[in-house]
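Engineer: Before I ask anything, here is the structure I am working with.
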Amino acid sequence: MQLSITLIIIIITVLVSIGGFNNRKIIDDLIFYGPAVSRNNQVYRFFSCGLIHADWAHLIFNMISLYFLGPFVERGFEQLLGTAGRWVYLLMYVAALTASILPTYFKNKDNYYYRSLGASGAVSAVIFAGLMLVPTLPLYIFFIPIPIPGFIFGPAYLLISAYMDKKGGDNINHSAHIWGALFGLAFVIVVCYSVGYPVIQAAIEQIGNYFS
């Protein structure tokens, strides 16, 4: 049986994160740390920071979100691109790790006190890629058993993330959430139009049908 790319990502991330919970050196070696990139050329930290998490709640939240949305997006790419779609999906996930953290890097490349970790930026890219493909997709917020259509969830997520990023003080890199989400939107739009699928028009039609 062939494992999905999503499941492989989850397995690797969980194993490395658990290792980090039990060994601080793993965290120190993989975490995003601006000066390590700008001064020591440790560019791998753009990617490796997505393999570690601050605690179990952080890890579980990201992996559950990826578990439910990832296969949906992965299948969407396969429908558009055939078997190559799963590798394009992997490319999006890995590229989103860097794209989501780049603004943070430029802001903190010489900040010896700032560090960031977690897969939230890439997970946000997957979620918003899914919402671009099917904007009426019902999403659930933890502990709230009411489905929220994606075209409402998406803008609300971005607005709340922007507010929290400006407010600061909670040790969460909301900037990575925003840029990861925007990267996911842009990536899936480029992929869809490259194969002749007018995804924006299709999304507008789906939202229109939702209200009809």
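The values are calculated or read from the model by the stated rules, or taken from the named source; none is laboratory data. This one's a predicted model, so the numbers in the text were calculated from it and none came from an experiment. Cβ: placed from backbone, ideal geometry, glycine included. Neighbour counts: every protein chain shown. Only protein heavy atoms, including side chains, enter the accessible area calculation; ligands, DNA and RNA are left aside. Shrake-Rupley method; radii C 1.70, N 1.55, O 1.52, S 1.80 Å.
Engineer: Would you mind finding the one in Gly150, Gly208, Gly169 that is without any contact (Cβ under 8 Å) to a residue 24 or more places away in the chain, more than 20 Å from the chain's Cα centre (by Cα) and open to solvent by less than 50 Å² (accessible area, probe 1.4 Å)? Working first, answer last.
Structural biologist: Values: Gly150 fails: more than 20 Å from the chain's Cα centre (by Cα); Gly169 fails: open to solvent by less than 50 Å² (accessible area, probe 1.4 Å).
So the residue among Gly150, Gly208, Gly169 that is without any contact (Cβ under 8 Å) to a residue 24 or more places away in the chain, more than 20 Å from the chain's Cα centre (by Cα) and open to solvent by less than 50 Å² (accessible area, probe 1.4 Å) is Gly208.
Engineer: Follow-up question, since we're still on this one. Just wondering, is there one or more residues in segment 85-94 that are open to solvent by 50 Å² or more (accessible area, probe 1.4 Å) and of a type outside the set (A, V, I, L, M, F, W, C)? It would help to see each step written out before you state the result.
Structural biologist: So in segment 85-94, the residues open to solvent by 50 Å² or more (accessible area, probe 1.4 Å) come out as 87, 90-91, 94.
Then drop every residue that is not of a type outside the set (A, V, I, L, M, F, W, C), which leaves none.
Within segment 85-94 (the criterion being open to solvent by 50 Å² or more (accessible area, probe 1.4 Å) and of a type outside the set (A, V, I, L, M, F, W, C)), the answer is no, since none of the residues qualifies.
Engineer: While we're here: State whether the residues of segment 101-110 include one that is of a type in the set (Phe, Trp, Tyr), free of Cβ contacts under 8 Å to residues at least 40 places away in the same chain, part of a helix (DSSP H, G or I) and within 23 Å of Ala57 (Cα to Cα).
Structural biologist: No.
Engineer: Hey, among Pro145, Pro135, Pro155, which residue is outside any helix (DSSP H, G or I) and loosely packed, with under 12 Cβ neighbours inside 10 Å?
Structural biologist: Pro145
Engineer: Quick check, is Gly196 without any contact (Cβ under 8 Å) to a residue 40 or more places away in the chain and not in a helix (DSSP H, G or I)?
Structural biologist: Against the criterion (without any contact (Cβ under 8 Å) to a residue 40 or more places away in the chain and not in a helix (DSSP H, G or I)), Gly196 qualifies.
Engineer: Being within 18 Å of Asn108 (Cα to Cα) and open to solvent by 70 Å² or more (accessible area, probe 1.4 Å) is the filter here, so list the residues in segment 38-59 that pass it. First the steps, then the outcome.
Structural biologist: First pass over segment 38-59, keeping only residues within 18 Å of Asn108 (Cα to Cα): 38-50.
Correct list: Arg39, Asn40, Asn41, Val43, Tyr44, Phe47.
Engineer: On to the next question. Considering only residues that are part of a helix (DSSP H, G or I), touching a residue at least 12 places away in the same chain (Cβ under 8 Å) and open to solvent by less than 40 Å² (accessible area, probe 1.4 Å), which ones fall in segment 17-37?
Structural biologist: Ser17, Gly20, Ile27, Leu30, Gly34, Pro35, Val37
Engineer: Given the residues Tyr140, Tyr163, which is the only one that is assigned to a strand (DSSP E or B) and not hydrophobic (A, V, I, L, M, F, W, C)?
Structural biologist: Sole residue among the options that is assigned to a strand (DSSP E or B) and not hydrophobic (A, V, I, L, M, F, W, C): Tyr140.
Engineer: Kindly indicate whether Leu80 is under 13 Å from the mean Cα position of the chain (by Cα), of a type outside the set (Ser, Thr, Tyr) and surrounded by fewer than 24 Cβ atoms within 10 Å (Cβ to Cβ).
Structural biologist: no
Engineer: Quick check on Ser161: is it touching a residue at least 60 places away in the same chain (Cβ under 8 Å) and either out of contact with any strand residue (DSSP E or B) (no Cβ under 9 Å at 6 or more places or on another chain) or more than 24 Å from Phe211 (Cβ to Cβ) (or both)?
Structural biologist: Spelling it out, it is not the case that Ser161 is touching a residue at least 60 places away in the same chain (Cβ under 8 Å) and either out of contact with any strand residue (DSSP E or B) (no Cβ under 9 Å at 6 or more places or on another chain) or more than 24 Å from Phe211 (Cβ to Cβ) (or both).
Engineer: Among the residues in segment 61-71, are any open to solvent by less than 10 Å² (accessible area, probe 1.4 Å), under 30 Å from Ile207 (Cα atoms) and either polar (S, T, N, Q) or more than 14 Å from the chain's Cα centre (by Cα) (or both)?
Structural biologist: Looking only at segment 61-71, we keep the residues that are open to solvent by less than 10 Å² (accessible area, probe 1.4 Å), and these are 62, 66, 70.
Within this subset, residues satisfying the condition of being under 30 Å from Ile207 (Cα atoms) are 62, 66, 70.
Imposing the further condition that a residue be either polar (S, T, N, Q) or more than 14 Å from the chain's Cα centre (by Cα) (or both) reduces the set to 62.
Among the residues of segment 61-71, at least one is open to solvent by less than 10 Å² (accessible area, probe 1.4 Å), under 30 Å from Ile207 (Cα atoms) and either polar (S, T, N, Q) or more than 14 Å from the chain's Cα centre (by Cα) (or both), which makes the answer yes.
Engineer: Would you mind telling me which numbered condition in (1) buried (at least 22 other Cβ atoms within 10 Å of the Cβ); (2) outside any helix (DSSP H, G or I) Val123 fails?
Structural biologist: (2)
Engineer: Still on this model: How many residues are free of Cβ contacts under 8 Å to residues at least 60 places away in the same chain and at negative phi when one looks only at segment 38-60?
Structural biologist: Selection size over segment 38-60: 14.
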